[in-house]
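Notes follow the structure.
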Amino acid sequence: MTLKPQKTLRYQELAERCAELIRHGTYPMGERLPSVRQASLQHGVSISTVLQAYSLLESQGLIEARPQSGYYVRAEVDEGLLPEPETSSPRRDPSAISLHELVMMLMHDSANPNLVQLGAALPNLDTLLTQKINRIIANIARTKGQDAHQYIFPPGLEALRVQIARRAVNTGCNLFPSDILITSGGIEAIDLCLHAVCRPGDIVAIESPSYFGTLQALEVHGLRVLEIPTHPREGISLDALEFAIDHNPIRAVIVISNFNNPLGSVMSDEKKEALVNLLSRHDIPLIENDVSGEIYFGDKRPMVCKAFDTKGLVMLLSSFSKDISPGLRVGWLAPGRYRSEVEWLKFTLNSSSPTLSQMAIAEFLESGSYDQHLRRIRREYARNVSLMSDSVMRYFPEGTRLTRPSGGFVLWVQLPENVDSLHLYKIALQGGITLAPGHVFSATYQFSNFIRLNAAMFNYSTERAIERLGVMVKGLERG
Ligand SMILES: Cc1ncc(COP(=O)(O)O)c(C=O)c1O
């Protein structure tokens, strides 16, 4: 049983968090940890709590103190962890997409309250937060009268765009409120980008694997995809992308640069800059999806590709679905040079995003509670991802591989070669569990022995579900 005991002391919690950062590679071997003073400021704990935590990590052999210098990660701590999946090797030619039947099956099952939900990337709705947002909504309904019922035409509520522009500074971007368009979630933003820059039959380069919502949007637009090899921690291969650009008329590129779904990969700042430069040389737009960018387990919010964009070619999108509320349906897009086209499309296709939702999110952001809430969910998701990884390691058969995300809340699991994840999906459903089979993450079904698991709601019953899944996987492996 790996669930944390109820009463954990502060220094133990801090030590556990640091151990996770070390395990997930945020602090690799030989790296210096933040100084005691820095760590005390970062985590909002006393110096003595940090000293106790560091000394616990020292006694566990994870770090060492070097006189006059600080604390360093001691040894390769990869031992004992499951190996990661390798960089993907998709087909080199473009493919049409036909995944809608599988995806709709997944969607229906993810709405079934009788199943243990490991499939859809549903966030763990935080009670404190939903109560607060509900109070904000009630207050808006009381005080704003008819204003809360009127359209807010594109680009959307100014107060919200101001808040988003202020936060963009943390990602390295200098966005003005007028650069931002409010959308109905991230998925509408993806759709608007494709509408603006692609025509049916065009080729779009994507990561391999790719979030199935992106694949669905591409399918609806009648686009073909070229899947590019992608590393489970470092993201899309730029060499392979450059080769693809040299040999195909690529119309656009789509990446989830931070905490990729399903891989958890994060592109380094250097890689983000190199990607923007590569696409800028060829005048190819980049659709950058950053919906989980705020859910990082390390010390720092990662930058976005958009920060390096000097030609307006990067269309940056995000939403509040993963960190506040998917049901409010509020997302946003900074469409760069495609702004007026996208604004027209938004107006034509959807008129306006829900006014009450925009007002509620704006007010929540203005209240200053968002950062505090983010700190809480980052800790919780880091812990849950780590606990779920431990469970997979314990219950799944030898030959299983697993990603090590440093943010977000999904895990990508490679099962032994002969285990078909769609077969597993069907057996798991009979056993009261739903998961996301690897088939839906590629136009060419190349991930038939992979599954994506949602760790957001990890608890005792999730752990038991992972145990049962492990038995099923072993059964399928034996044939
Ligand atoms: C990577 C990614 N992009 C976009 C979305 C959709 O976001 P929204 O619910 O805001 O439309 C999701 C939801 O799962 C996602 O995982």
Task: Leading residue by the ranking (farthest from the chain's Cα centre (by Cα)) among those in the range 1-21 that are at pLDDT below 85, of a type in the set (A, V, I, L, M) and within 22 Å of Leu82 (Cα to Cα) - done: Met1
- [ ] Return yes or no: is Gly331 in contact (Cβ under 8 Å) with a residue 24 or more places away in the chain, within 30 Å of Met105 (Cα to Cα) and not assigned by TED's automatic domain parsing to the domain that holds Lys144?
- [x] no
Task: Residue count, the range 416-469 (criterion: outside any helix (DSSP H, G or I), closer than 25 Å to Ser208 by Cβ and either of a type outside the set (Phe, Trp, Tyr) or more than 24 Å from the chain's Cα centre (by Cα) (or both)) - done: 21
Open item on the list: Please determine whether any residue of the range 194-205 is within 16 Å of the ligand (Cβ to nearest atom), assigned to a helix (DSSP H, G or I) and touching a Leu at 6+ places or on another chain (Cβ under 8 Å).
Closed with: yes
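Are any residues in the range 22-42 touching a Ser or Thr at 6+ places or on another chain (Cβ under 8 Å) and in a helix (DSSP H, G or I), and if so, which ones?
Result: Arg23, Ser40.
Going through Ala120, Ala189 one at a time, which residue ends up being within 16 Å of the ligand (Cβ to nearest atom) and at pLDDT below 95?
Sole residue among the options that is within 16 Å of the ligand (Cβ to nearest atom) and at pLDDT below 95: Ala120.
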Task: Filter result (part of a loop (DSSP other than H, G, I, E, B) and either crowded, with 20+ Cβ neighbours inside 10 Å or within 12 Å of the ligand (Cβ to nearest atom) (or both)) within the range 168-186 - done: Cys173, Leu175, Ile180, Ser184
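I need the full set of residues from the range 244-281 which are hydrophobic (A, V, I, L, M, F, W, C) and more than 15 Å from the chain's Cα centre (by Cα), in order please.
Listed by number, the residues that qualify are Ala244, Ile245, Ile250, Ala252, Val253, Ala274, Leu275, Val276, Leu278, Leu279.
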- [ ] Only one of these is within 18 Å of Phe153 (Cβ to Cβ), within 16 Å of the ligand (Cβ to nearest atom) and over 22 Å from the mean Cα position of the chain (by Cα): Leu345, Leu349. Name it.
- [x] Leu349
Task: Counted residues, the range 233-262 - those being away from the ligand (no atom under 16 Å from the Cβ) and not small (Gly, Ala, Ser) - done: 14
TODO: Within the range 149-166, identify whether any single residue is free of Cβ contacts under 8 Å to residues at least 60 places away in the same chain, in contact with a Leu (Cβ under 6 Å, 6 or more places away or on another chain) and within 20 Å of Cys305 (Cα to Cα), and answer yes or no.
DONE: yes
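Taking the range 428-442 as the region of interest, how many residues are of a type in the set (Gly, Ala, Ser) and surrounded by fewer than 24 Cβ atoms within 10 Å (Cβ to Cβ)?
Going through the range 428-442 one residue at a time, the tally reaches 2.
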Task: Positions within the range 271-292 being surrounded by fewer than 19 Cβ atoms within 10 Å (Cβ to Cβ) and within 16 Å of the ligand (Cβ to nearest atom), in sequence order - done: none
Open item on the list: Tell me yes or no: at least one residue of the range 147-156 is acidic (Asp, Glu) and more than 16 Å from the ligand (Cβ to nearest atom).
Closed with: yes
Task: Selection within the range 99-155 - over 22 Å from Ile324 (Cα atoms), of a type in the set (Ser, Thr, Tyr) and either surrounded by 17 or more Cβ atoms within 10 Å (Cβ to Cβ) or outside the structural domain of Glu341 (by TED's automatic domain parsing) (or both) - done: none
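Quick check on Ala165: is it in contact with a Phe, Trp or Tyr (Cβ under 8 Å, 6 or more places away or on another chain), away from the ligand (no atom under 16 Å from the Cβ) and within 25 Å of Val266 (Cα to Cα)?
Criteria met by Ala165.
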Open item on the list: Name the residue that is farthest from the ligand (Cβ to nearest atom), counting only residues in the range 206-228 that are assigned to a strand (DSSP E or B) and within 18 Å of Asn289 (Cα to Cα).
Closed with: Leu226
TODO: Return the residue satisfying two criteria in turn: it lies in the range 293-336 and is of a type in the set (Lys, Arg) and closer than 20 Å to Ala362 by Cβ, and of such residues it is surrounded by the fewest Cβ atoms within 10 Å (Cβ to Cβ).
DONE: Arg329
- [ ] Please determine, by comparing only the residues of the range 248-259 that are free of Cβ contacts under 8 Å to residues at least 60 places away in the same chain and not in a strand (DSSP E or B), which one is surrounded by the fewest Cβ atoms within 10 Å (Cβ to Cβ).
- [x] Pro249
- [ ] Would you check if there is a residue in the range 37-54 being charged (D, E, K, R) and either surrounded by 15 or more Cβ atoms within 10 Å (Cβ to Cβ) or assigned by TED's automatic domain parsing to the domain that holds Gly298 (or both)?
- [x] no
TODO: Name the single residue, out of those in the range 142-183 being in contact with a helix residue (DSSP H, G or I) (Cβ under 8 Å, 6 or more places away or on another chain) and of a type in the set (Ser, Thr, Tyr), that is nearest to Ala196 (Cα to Cα).
DONE: Thr183
Task: Top-ranked residue of the range 229-247 - restricted to ones that are of a type in the set (D, E, K, R) and in a helix (DSSP H, G or I), ranked as farthest from Ile206 (Cα to Cα) - done: Asp246
- [ ] Output the residues belonging to the range 424-454 that are touching a helix residue (DSSP H, G or I) at 6+ places or on another chain (Cβ under 7 Å) and free of Cβ contacts under 8 Å to residues at least 40 places away in the same chain.
- [x] Tyr445, Ser448, Asn449, Ile451
Open item on the list: Quick check on the range 85-99. Is at least one of its residues part of a helix (DSSP H, G or I) and under 30 Å from Ser340 (Cα atoms)?
Closed with: no
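The values are calculated or read from the model by the stated rules, or taken from the named source; none is laboratory data. Only a predicted model underlies this, so the values are computations on that prediction, with no experimental measurement involved. With ideal geometry, Cβ positions are generated from the backbone for all residues, glycine too; neighbour counts draw on all protein chains shown.
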